[in-house]
Amino acid sequence: MPSMHLKLGPKKNFVKAMNQKEAAFTHLRETFPRLSEAKLKEGIFIGSQIRDFIKNEYFDKLFQGDEKAVWDSFKFVVKGFLGNRGAQNYEELVNNLLQSYQKLDCNMSLKVQFLHSHLDFSQRIMLH
């Protein structure tokens, strides 16, 4: 499964679990004013928008508590596992992501479960 598809599932589930009354969700709405309210609430974004989120330092500062843990874990997985360079601790990154999603009661999409179940397979590919 291409890495962009693996990024879209966790991002979608995270946005759906976000508190829509908090500043971070408001910032999403302001950052993407042409995105319909329905797409925003469902967490439907394209790859370039996800890259914009990750680069946005202000967005980082808006999260607190469990949402912050999920967001940080998501960024680490995107940069360290799904990016061009595989981190040595990719298994730890993905496990942290899954644990933080559980704390926030995010639904585990098939894409996230696929990511988790194929860690060993990915490790063999990265080593070659």
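Among residues of region 22-50 that are surrounded by fewer than 16 Cβ atoms within 10 Å (Cβ to Cβ), those with a Cβ under 7 angstrom from a residue that is of a type in the set (A, V, I, L, M) and in a loop (DSSP other than H, G, I, E, B), sequence gap 6+ or separate chain, pair up as ALA23/LEU62. Among residues of region 65-77 that are closer than 8 Å to LEU97 by Cβ, those with a Cβ under 7 angstrom from a residue that is of a type in the set (Phe, Trp, Tyr), sequence gap 6+ or separate chain, pair up as VAL70/PHE14; VAL70/TYR101; PHE74/PHE14.
Quick note: the coordinates plus some simple rules give every number you see, no bench work behind them. Treat the numbers as computed from the prediction; the structure is a model and nothing was measured. Using ideal geometry, Cβ is built from the backbone for each residue, glycine included, and neighbour counts are taken over all protein chains shown.
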